[in-house]
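The values are calculated or read from the model by the stated rules, or taken from the named source; none is laboratory data. All values reported here derive from a predicted model rather than from experimental measurement. No Cβ is skipped: glycine too gets one built from the backbone with ideal geometry, and neighbour counts run over all protein chains shown.
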Amino acid sequence: MATNQAAAGKVAIVTGGGSGIGKAAALALLGAGWRVAVAGRRADVLQQVAEQAPKGQALAVPTDITDPASVEALFAATVKAFGRVDLLFNNAGIGLPAAPLEDMAVADWKRVVDTNLNGVFYGIQNAFRVMKAQQPMGGRIINNGSISAYAPRPHSIAYTATKHAVSGLTKTASLDGRRYNIAVGQIDIGNAMTDLAARMAKGVPQANGEIAVEPLMDAKIVGDSILYMASLPLEANVLFHTVMATKMPFVGRG
């Protein structure tokens, strides 16, 4: 784990940073001495996260990641406050209640694509623009994929399709980032205890049609994983990192 000395001067942006995985990542980075811009839709919860850091170490930036201008403003505010960007954790995303794909409203499909795919692209694009222009040049981007980037749950076509697409963004940006000393990787998370995943403790549909309770892990573990990936020197990159509740039904047949 990074020491405060190693992280001195390092600057991160965390989207979806007001709760869940984003909050866990922001707090892990802040605890290691990073300066962090916490971005998301709800100003009040962003401020609550920022207030857990020493004065001047965190910045709350209300942001709509589906709006390219809002994402650009997020990066501008971060550079203005902290001088540079060393890390983007592209975390914000949404899902839909499980439902047959033939019943899905087109507007819901577009809303998930706009958030989980387009929003991640806007983050990558702005990170590239900032990271290749700063001195020293370079930085790191970590995209939040999901176990759904590999295997779907029943009735999850929009979420699963966008998370598969995030893997394509990660691979291509990793290739394109080489010339700018930008390392791009992905964290694929399975069953971290967040508001989004709490339903799994009550039972969720399985591929065979059964309803089963699934094990969960502490979201802090994911924050520590982000900190590990972020703490590597730019000559090394974790391209894909899977962290999951050990006994969740993913490997094998359940």
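List of remarks:
- The condition (being among the polar types (S, T, N, Q), surrounded by 16 or more Cβ atoms within 10 Å (Cβ to Cβ), modelled with pLDDT of 95 or more and within 16 Å of GLY20 (Cα to Cα)) is satisfied by just one residue among ASN144, ASN191: ASN144.
- Across the range 46-62, the qualifying residues are those that are over 17 Å from the mean Cα position of the chain (by Cα) and part of a helix (DSSP H, G or I), and the one among them that is farthest from ARG84 (Cα to Cα) is GLN48.
- Whenever a residue of the range 76-90 is without any contact (Cβ under 8 Å) to a residue 24 or more places away in the chain and farther than 18 Å from GLN135 by Cβ, it has no partner that is buried (at least 18 other Cβ atoms within 10 Å of the Cβ) and of a type in the set (A, V, I, L, M) lying with C-beta atoms less than 9 angstrom away and at least six residues away or across chains.
- Note on the range 142-176: among residues that are over 18 Å from the mean Cα position of the chain (by Cα) and small (Gly, Ala, Ser), the one that is farthest from LEU239 (Cα to Cα) is SER156.
- If you filter the range 58-80 down to residues that are under 24 Å from MET229 (Cα atoms) and either touching a Phe, Trp or Tyr at 6+ places or on another chain (Cβ under 6 Å) or not β-branched (Val, Ile, Thr) (or both), you find that the one that is surrounded by the fewest Cβ atoms within 10 Å (Cβ to Cβ) is LEU59.
- Any hit, the range 227-238, residues being modelled with pLDDT of 95 or more, of a type in the set (Asp, Glu) and not in a loop (DSSP other than H, G, I, E, B): no
- Counted residues, the range 125-141 - those being in a helix (DSSP H, G or I) and either buried (at least 23 other Cβ atoms within 10 Å of the Cβ) or of a type in the set (D, E, K, R) (or both): 4
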